[in-house]
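For reference, the structure is listed below as structure tokens.
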Amino acid sequence: MSRDAHNHNKESATPDIDSEQISALRDEMIRFARLQLRDDHLAEDAVHEAIAAALKSNSFGDRASIKTWVFAILRNKIIDVIRERSRHPTESLLDEDAGDLEQQFDERGHWRKEHEPANWGHPEAVLANEQFWLIFEACLEHLTENTARVFMMREHLGLEISEICTELSISESNCWVIMHRARMKLRLCLESNFLEEGDES
Amino acid sequence: MMNCKQATRLMSQGQDRELNMAERTRLRIHLFICSGCSNYNKQLHLIRETMKRIGTRGPGN
């Protein structure tokens, strides 16, 4: 009895992070890294490095935290890649086309009737909807590379606007504009695709 | 009087910095009378929540 209890404790305290588990996570990690880096090679490199770092260590708790922990490593790798790459910016950062966004408003700056944002229903219900996540990722991919990078740094990696500006050497006012357009564009894409899926609760 | 275009800009900034008292008051009044912007504001919060969870959601979690 006491030996069983002992074994059980031992297993739950230090589960093996086996290669099968890692490869199940791998696909998800690659998809995640691609979304942020927009470059297959860089994404795979970042994932490989994160996995290698994970396999080297064996200090974690349960299965759920393995995933959280591996993604935390991956996130740091992604930040490194973004920092490295932003030292050599190749394109203008203010490249999101604002034309589509402007025409949602009339000449007095009010929403045109057909563009007025709708009620999406209860947030938790939306987040529980698998279709919403698929559309969300597709909409993220529609952002231009630079906009997506700034948006990810702010919203996913949780950096402050001032940090992002410094990292990417762009003015703070450009940063605000990029964030604003990213949100507008993402919202518009979500609304026109998600609500049309018939989820008009 | 603030219009929707200005309100959306302020709502976005409100996600990234602390708005001052005057901005908050003007925005609050606008949201009170404008259902489109009020929905927009809720959508921004949902987008933020989604972005936070991306990558760590799913059955394995």
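Where a number appears in this text, it was derived from the coordinates with a stated rule and is not lab data. What you are looking at is a predicted structure, and each value in this text was computed from that prediction instead of being measured. A quick note on method: Cβ atoms are made from the backbone with ideal geometry, for glycine too, and the neighbour counts reach across all protein chains shown.
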**Complete:** Using alpha carbon centers only, region A:108-175 is separated from region B:1-54 by a whole-angstrom value of 13 Å
**Prompt:** Residue-wise, which Karplus ³J(HN,Hα) couplings in Hz belong to region A:155-168, taking 6.51 cos²θ - 1.76 cosθ + 1.60, θ = phi - 60°, and x for glycine or proline?
**Reply:** 7, 9, 7, x, 6, 7, 3, 4, 5, 4, 4, 5, 4, 9
**Prompt:** Angle, helix B:21-33 long axis vs. longest principal axis of chain B, Cα atoms, 0 to 90°, nearest 10?
**Reply:** 80 degrees
**Request:** Using Cβ-Cβ distances only, list the Cys residues of chain B with no partner cysteine under 4.7 Å, sorted by number.
**Result:** B:4
**Asked** Tilt of helix B:35-53 relative to the longest C-alpha principal axis of chain B, in degrees (0 to 90, nearest 10)?
**Response** 30 degrees
**Complete:** Between the modelled labels at residue A:195 and residue A:138 (7 Å from Cα along Cα→Cβ) the distance in nm is 1.7 nm
**Prompt:** Considering amide H positions built from the backbone, and no H for Pro or chain starts, which residues 5 or more places from residue A:105, or on another chain, come under 5 Å of its amide H?
**Reply:** A:112
**Asked** Mind checking Rg over Rh on region A:99-197, alpha carbons, Kirkwood formula for Rh?
**Response** 1.00
**Prompt:** Placing +1 at every Lys and Arg Cβ and -1 at every Asp and Glu Cβ, with all other atoms neutral, what dipole size does region B:4-53 have around its Cα centre, in debye to the nearest 20?
**Reply:** 60 debye
